[in-house]
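Read through the structure below, which is laid out as structure tokens, and then see the notes.
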Amino acid sequence: MNNHVTSDGIPFVIRKPGVEDAENIIQYSKQLFASTDQLLTTVEEYTITAEGEKTWITNSLNNPSAMTLVAEAHEKIVGLIFFVPMTKKKNCHTGEFGVSVHPAFQGAGLVVRSSKPS
């Protein structure tokens, strides 16, 4: 878990999600999809259940080629990044990559800056 601060001073952490985050990720996703028409998924199409979300989280955590991280502030998910590789032998070098930030945190400096090596 990494502790960070937005440009307006709001503390947040970046960490791997657990199955206990399923409902929080669903609420985050619904707010995100309702906030814009620039995403491929609409609110009406987003019908995942808590059990489905838990399965997605578990599969991501158990796949050494996958990665999922959440940004959390005030015990709410405010950002999500994931990479899920394709499963077929001929395209397993490719995958789906997603990055999203909660509307209330867009433009708030929800970024992680790495320090330059000395």
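The values are calculated or read from the model by the stated rules, or taken from the named source; none is laboratory data. Predicted model only: the values in this text are computed from it and were never measured. Virtual Cβ from ideal backbone geometry, glycine too; neighbours counted across all protein chains shown.
Residues in the range 70-85 that are within 28 Å of residue 8 (Cβ to Cβ) and crowded, with 17+ Cβ neighbours inside 10 Å: 9 in all. The single condition from (1) farther than 20 Å from residue 107 by Cβ; (2) without any contact (Cβ under 8 Å) to a residue 24 or more places away in the chain; (3) loosely packed, with under 15 Cβ neighbours inside 10 Å that residue 58 fails is (2). For beta carbons closer than 7 Å, sequence separation of 6+ or different chains, a first residue in the range 69-95 that is of a type in the set (D, E, K, R) and a second that is surrounded by 19 or more Cβ atoms within 10 Å (Cβ to Cβ), the qualifying pairs are 72/12; 72/78. Checked across the range 67-75, the condition of being of a type in the set (A, V, I, L, M, F, W, C), modelled with pLDDT of 95 or more and outside any strand (DSSP E or B) holds for no residue. The residue that is modelled with the lowest pLDDT, counting only those in the range 1-49 that are exposed (fewer than 10 other Cβ atoms within 10 Å of the Cβ) and not in a loop (DSSP other than H, G, I, E, B), is 3.
Within the range 50-66, count every residue that is in a helix (DSSP H, G or I) and touching a Ser or Thr at 6+ places or on another chain (Cβ under 6 Å). Walk me through how you get there before you give the answer.
Narrowing the range 50-66 to residues in a helix (DSSP H, G or I): 50-62.
Cutting the leftovers down to touching a Ser or Thr at 6+ places or on another chain (Cβ under 6 Å) gives us 60.
Counting residues in the range 50-66 that are in a helix (DSSP H, G or I) and touching a Ser or Thr at 6+ places or on another chain (Cβ under 6 Å) gives 1.
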